[in-house]
1. So which of 85, 78 is closer than 24 Å to residue 174 by Cα and not in a helix (DSSP H, G or I)?
2. How many residues does region 99-118 hold that are assigned to a helix (DSSP H, G or I) and in contact (Cβ under 8 Å) with a residue 40 or more places away in the chain?
3. Could you give me the residue pairs with C-beta distances under 6 Å whose first residue belongs to region 290-309 and is polar (S, T, N, Q), whose second residue is open to solvent by less than 100 Å² (accessible area, probe 1.4 Å) wherever it lies, and which are 6+ apart or on separate chains?
4. Restrict the check to region 158-165 and report whether at least one residue is within 28 Å of residue 25 (Cβ to Cβ) and without any contact (Cβ under 8 Å) to a residue 60 or more places away in the chain.
5. For region 216-253, give me each residue that is open to solvent by 50 Å² or more (accessible area, probe 1.4 Å) and closer than 19 Å to residue 285 by Cβ.
6. For the condition free of Cβ contacts under 8 Å to residues at least 12 places away in the same chain, of a type outside the set (Lys, Arg) and farther than 19 Å from residue 23 by Cα, what is the one hit in 214, 186?
7. Mind checking which residues of region 254-280 are among the β-branched types (Val, Ile, Thr), at pLDDT below 75 and either open to solvent by 30 Å² or more (accessible area, probe 1.4 Å) or assigned to a strand (DSSP E or B) (or both)?
8. How many residues are open to solvent by less than 40 Å² (accessible area, probe 1.4 Å) and either part of a helix (DSSP H, G or I) or of a type in the set (Ser, Thr, Tyr) (or both) if we restrict to region 36-61?
Amino acid sequence: MPGSRQSIAHRLLEPHGIEEPGDRQTARLLAGLTLCFVILGTCSIPLELALVPRFTAQAIPQAIGVVLLLAAYACARGPHWRLGGAILAATPALAAAGILYLDPGDMVAPAFMLLGVVFATFFLRVHQAAAMAVGIFVLLLVLMLLRAELRDPASSVPLIVLHAIASPCLLWAAAHRDRIERIRRDALRDDERTRAERERLEVIGRLASGVAHDFNNLLSVVRVNSEVLLESAAERDRAMLEELRTAADRGAALIQTLLSFARKTPVEACDVDLHLAVARVGVLISRLLGDGTTLRVQQSETPPVVHAA
């Protein structure tokens with residue numbers, strides 16, 4: 001039974017065509033709210049018709065509000081969910097305006113119009129919420145012009161003050177929410193770029209490690225053969241073989257540097273000649289700089305030695 005209830009709720013509330021997780025959660029909340037209001041409005045109309053005298057005229061705006069809420073629910077299930085938020089925000093204001101026009105003495109309807117501003121600031125962007133708040137305030141002023149009962153200062157002034165104070169506070173909260181949302185999305189994009197860059201570097205590191213191991217095996221052959229030849233080589237060939245072995249040693253040292261950068265070999269602390277370390281790193285950097293730039297390293301006469309990894 002719990003699984004079936006969860007499945008029914010999922011089918012009723014889950015939006016479609018919305019990729020961003022935050023928007024999908026907000027659309028799901030919008031669908032849930034509109035569906036609850038539809039159920040409450042549908043149940044309350046016949047109950048009020050039966051219990052409240054002369055409620056027939058006021059039931060018409062409420063019925064229209066239920067229809068608008070159904071439209072908002074339909075929009076909330078798809079990519080146009082913000083349109084559903086706008087309809088939800090406009091519905092209580094329009095329904096309250098209709099009730100207030102029919103019954104100017106209703107004390108709940110004027111404050112109920114502010115519920116539209118609350119929904120606008122929650123489901124709409126701040127500039128859209130501001131437009132909705134201005135529209136609701138203008139609607140209240142129009143009602144005061146149409147009905148003389150609402151122009152009584154004892155009722156009109158508190159209503160105007162209530163809207164003038166509450167709406168800017170709600171809009172400020174909406175602006176803060178939008179700013180937090182932008183920061184969150186920027187942070188997510190930065191995390192995605194960082195993760196992609198880290199994965200790319202890991203792939204490059206694995207590739208460099210594999211190439212370095214293979215190249216190190218080739219250099220080992222050169223070094224071993226050069227040492228064997230040195231034992232029986234003539235004097236005129238020894239210098240060339242020494243250069244060959246030295247070049248192989250430098251290549252092997254360069255490979256070890258690449259493996260260290262790739263974090264594929266254990267690194268232990270030892271005495272390091274900084275002249276030699278700078279020379280090795282200089283070879284790597286000179287390859288990165290390209291042909292148009294020359295790297296020149298100036299070393300001191302006394303070789304500095306440090307104990308490092």
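1. None of the other options fit; the residue is 78.
2. 9
3. Going by the 6 Å Cβ cut-off, the qualifying pairs are 299/275.
4. Within region 158-165, not a single residue is within 28 Å of residue 25 (Cβ to Cβ) and without any contact (Cβ under 8 Å) to a residue 60 or more places away in the chain.
5. Selection gives 250 alone.
6. 214
7. If the condition is that a residue be among the β-branched types (Val, Ile, Thr), at pLDDT below 75 and either open to solvent by 30 Å² or more (accessible area, probe 1.4 Å) or assigned to a strand (DSSP E or B) (or both), then 265, 267 are the ones that fit.
8. 7
The values are calculated or read from the model by the stated rules, or taken from the named source; none is laboratory data. Note that the structure is predicted; figures quoted are calculated from it, not measured. We place every Cβ from the backbone using ideal geometry, glycine too, and count neighbours over all the protein chains shown. All accessible areas refer to the heavy atoms of the entire protein, side chains included, with ligands and DNA or RNA removed. Shrake-Rupley method; radii C 1.70, N 1.55, O 1.52, S 1.80 Å.
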